[in-house]
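Only the coordinates and a few stated rules stand behind these numbers; no lab work does. All values reported here derive from a predicted model rather than from experimental measurement. Ideal geometry is used to build each Cβ from the backbone, glycine not excepted, and the neighbour counts take in all protein chains shown.
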Amino acid sequence: MHIAFLTPEYPHPKVIHAAGIGTSIKNLADALTRKGEKVTMFVYGQKNDEIIVEAGLEIHLIKQKNYKFGTWYFYNKHIQNYINKVIISKKIDIIEAPDWTGFSAIMNFRIPLVIRFHGSDAYFCHLENRKQKFKNKFFEKLAISKANAFIAPTKFAGDLSKKLFHIKNKPIKTINYGLELSKFHNLNPEKYEKETILYLGSIIRKKGIFEIPKIFSIISKQFPNAKLILIGSDTFDLQTKSKSTWKLLETFFDNKNVNYLGKIPYIEVQQYIKNAHVCIFPTFAETFGMVTIESMALSKPVVNSNFGWSNELIIDGESGYLVHPKDHQKFADRILDIFSNNDLCSQIGEKARKRVEEVFDIDKIVNQNIDFYKSIIEKK
């Protein structure tokens with residue numbers, strides 16, 4: 001079987017952007033190639049056209065093109081035509097695309113299209129109680145109507161997406177994201193920087209970052225030397241129209257032990273996780289949470305938001321903690337419990353790793369993807 005992925009991001013030095021979606025796609029692509037499947041990656045919006053072949057994977061970088069008018073339409077058609085030529089020459093069997101803003105809406109492929117619910121604009125607008133732009137709503141619905149089938153990283157994300165897009169008579173399969181666990185080892189989980197809290201993720205309102213100063217203030221009263229490290233890209237704030245959400249956020253901290261590192265190379269992130277005493281993810285809107293399971297895989301205690309998708313990642317009180325982000329006292333209490341009890345910290349970390357091994361091992365999950373792709377190809 002030959003599987004293709006259409007994506008705006010991918011963790012590679014020559015690709016402009018990479019985040020959680022790109023990481024999840026790479027983990028799956030690598031696992032598919034280890035299983036003997038052929039994989040081709042189409043990464044759009046890049047600086048140059050280039051084809052990269054490495055580790056059994058072919059990556060097509062598609063240069064961003066601008067036109068005098070109708071750039072979105074003509075560029076998307078350019079991508080469609082390019083991919084269809086490769087589909088014929090390389091005999092690709094099936095292609096997967098993301099749901100965000102319906103990028104594949106006007107594309108017509110010669111093979112079955114699977115859309116994975118990484119998180120559509122409709123999905124996030126619903127969770128954040130925001131009005132969706134008409135353009136995004138129109139194109140997302142059009143893209144959904146053209147797909148043959150869907151994959152959701154959590155049942156919560158699949159069920160909500162099905163409801164939002166009124167999907168009927170098309171298969172939706174829940175398949176978790178996974179990790180290549182051989183790349184996630186913490187040989188000395190008992191060694192970390194005491195009283196250090198780590199937040200990983202974009203500096204954006206929907207990730208619950210404005211709850212962090214209130215939580216950290218409670219922590220600091222009991223542990224004055226506690227440190228907070230934040231890692232992730234700064235973003236435009238929709239609510240205030242500020243160009244820098246971090247500039248807004250930093251005004252709410254009354255403690256000097258706060259260090260925002262911005263975006264750092266993915267290869268360096270693991271060491272920050274290992275060094276942390278606890279990792280926190282107070283997000284309001286997510287479909288899964290790659291950084292959550294990456295932290296768990298490195299035997300790190302995690303305090304996470306308690307919304308629907310999170311209940312599929314963590315067993316509360318066993319492999320981590322689930323707390324509503326606005327319950328600042330309870331969120332802080334869970335962190336304080338970990339700070340105050342070394343045995344509890346170790347136990348939670350061990351069970352977090354075990355949870356990932358049991359549920360989020362990509363070498364187990366990949367078979368679910370292969371079986372689902374085959375079922376869609378056979379129907380076509």
Quiz item: Roughly speaking, what is the centre-to-centre gap between the range 309-355 and the range 158-187 when only Cα atoms are used, to the nearest Å?
Solution: 23
Quiz item: Along the charge dipole of the range 181-359, which of Asn186, Ile280, Gln239 sits closest to the positive end, that is, farthest toward it, with unit charges on the beta carbon of Lys, Arg, Asp and Glu (+1, +1, -1, -1)?
Solution: Gln239
Quiz prompt | Farthest toward positive dipole pole in the chain [+1 Lys/Arg, -1 Asp/Glu at C-beta], among Tyr199, Gln347, Tyr67 | solution = Tyr67
Quiz prompt | Neighbourhood charge, 11 Å Cβ-Cβ cut-off, centred on Ile315 and excluding it, Lys, Arg +1 and Asp, Glu -1 | solution = -1
Quiz item: Using the alpha-carbon atoms, what tilt in degrees (0 to 90, nearest 10) does helix 342-359 show relative to the longest principal axis of the chain?
Solution: 10
Quiz item: Among 63-69, 358-364, how do they line up from the highest to the lowest mean number of other beta-carbon atoms within 10 Å?
Solution: 358-364, 63-69
Quiz item: For the range 362-375, in order, what is each residue's ³J(HN,Hα) by Karplus, 6.51 cos²θ - 1.76 cosθ + 1.60 with θ = phi - 60°, in whole Hz (x at glycine and Pro)?
Solution: 4, 6, 8, 5, 4, 5, 5, 5, 4, 4, 5, 4, 4, 5
Quiz item: Which whole-number percentage describes the relative contact order of the range 181-359, with Cα contacts under 8 Å and a sequence gap of 6 or more?
Solution: 26
Quiz item: Distance from the Cα centre of the range 249-266 to that of the range 37-68, in angstrom?
Solution: 34
Quiz item: When only C-alpha pairs under 8 Å and at least 6 residues apart count, what is the relative contact order of the chain, in percent?
Solution: 14
Quiz item: Sequence-distant or interchain residues sharing an amide H contact under 5 Å with Thr235, placed H: which?
Solution: Ile203, Thr245, Trp246
Practice problem: Could you tell me how many degrees, from 0 to 90 and to the nearest 10, lie between the Cα long axis of helix 134-146 and the main elongation axis, the longest principal axis, of the Cα atoms of the chain? | Solution: 60
Exercise. Sort Phe103, Phe372 so the one with the fewest other Cβ atoms within 10 Å of its own Cβ comes first.
Key: Phe372, Phe103
